[in-house]
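Structure first, then comments.
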Amino acid sequence: MFHSLQKLPLWIILAVGFLFSSCSSTSTLQHPTTSATLWTQNAAEYDALTTMVYRTATSNLAMAIEDSYWTAYPNQEDQDIRSLPPAIILDVDETVLDNSPFQARMIKQNSSFNLQQWNDWVMEAKANPVPGAVKFTQRAANQGVAIFYLTNREAKVEEGTRQNLKELGFPLSENEDRILSNNERENWTSAKTERRAFVAQSHRIIMLFGDDLNDFVSAKDISQKERAQLVKKNQDKWGRFWYVLPNPVYGSWESALYNFDDSLSPAQIDSAKKERLNTKKN
Ligand SMILES: [Mg+2]
């Protein structure tokens, strides 16, 4: 073998070598979300973490239902909510449904987010449940809590979301649409603020669940520093009224690294991210 290789002209050997090295430079390990996706799909710690979040919520559930003044929604603090039935609001993606198989497909295709492919995935209705979420929501529903799913999935693919949730055993109402999708009604924007206000008209919101700061409070396009301040300002809410699920793959935390500037090239995003790598103690 080696002997026959020696007979090949040098330029062919170099060309083949270059071809192999350029193949390896587009390896899945270089996709920006590979490590985060591998962690979500394979780390036992991911399952432990989400289970911990939902078990903590379970231990607060009886108290939240019984205390008629208990609310997770700041705008309800000054409202007479004692006669309103309790409700829980959960985000969908990476809060109750795990879409890491969709992410894994993108990595294998070496592609980035595409709305059409995403909507096709939603209509497949094949997302996994986030560990702990089904058991918790069933328990809350059995105790008379209305479960609302507040998602930035588009209204036109809501049937896919409903089928996916239903097949996994998530509680849904027979009489009322409790999946509140993006733009399902005129003023329901991706900011989610209006949809939380909509639920608050008829229910006492006892808990909020999400993987993004915007699932709890309006935090659209604010800086990384302001995001950290919002978390601190609301520190008494975490683990009591507000429950956050881990999402290292995507979210406003990631867009905040480059100030939500979609006009930047991948190279510019890369260098903005590099600047965020802190090599000194804070
Ligand atoms: Mg989400």
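Couple of notes before you dig in:
- The helix-based estimate of mean residue ellipticity at 222 nm for the chain, built from -39,500 (n - 2.57) per DSSP H run of four or more residues and divided by its residue count, is -13500 deg cm²/dmol to the nearest 500.
- Sorted fewest first by neighbouring Cβ atoms within 10 angstrom, VAL122, VAL53, VAL134 come out as VAL134, VAL53, VAL122.
- Percent RCO, i.e. relative contact order, over the stretch 66-212, from Cα pairs under 8 Å lying at least 6 residues apart: 39 percent
- In plain terms, the chain is cut at each of the trypsin sites (Lys or Arg not before Pro) found in a DSSP loop with at most 14 other Cβ atoms within 10 Å, and the longest leftover piece is 83-184.
- In this structure, ALA43 and PHE260 have a Cβ-Cβ separation that, at R0 = 30 Å, corresponds to a calculated FRET efficiency of about 0.60.
- Cross-linked pairs LYS108/LYS273; LYS192/LYS232; LYS233/LYS280; LYS135/LYS273; LYS233/LYS273: Cα-Cα separations exceed 29 Å for LYS135/LYS273.
- Computed from the C-beta positions of LYS108 and GLN268 and an R0 of 30 Å, the FRET efficiency is 0.70 to the nearest 0.05.
- Counting 0.36 nm for each residue step from ASN278 to GLU66 and taking away their Cα separation leaves a gain of 71.8 nm.
- With at most 11 other Cβ atoms within 10 Å, longest stretch of the chain clear of loop chymotrypsin sites (Phe, Trp or Tyr not before Pro) (DSSP): 114-282
- Cα-only Debye scattering, the stretch 28-174: base-10 log of I(q)/I(0) at q = 0.15 Å⁻¹: -0.86
- Percent of beta bridges antiparallel (DSSP, the chain, rounded to nearest 5): 10 percent
- Sorted into 10 angstrom bins from 0, the C-alpha pair distances of the chain split as 6, 24, 32, 20, 9, 4, 3, 1, 0 percent.
- Pairwise FRET efficiency - PHE198 versus ASN175, Cβ, R0 = 25 Å, nearest 0.05: 0.90
- Both the radius of gyration and Dmax for the stretch 148-282 are 17.3, 56 Å, in that order, over alpha-carbon atoms.
Here, each number is a calculation from the coordinates, and none is a lab measurement. Just so it is clear, the structure is predicted and the values come from calculations on it, not from any experiment. Because the Cβ atoms are built from the backbone with ideal geometry, glycine has one as well, and the counts that use them run over all protein chains shown.
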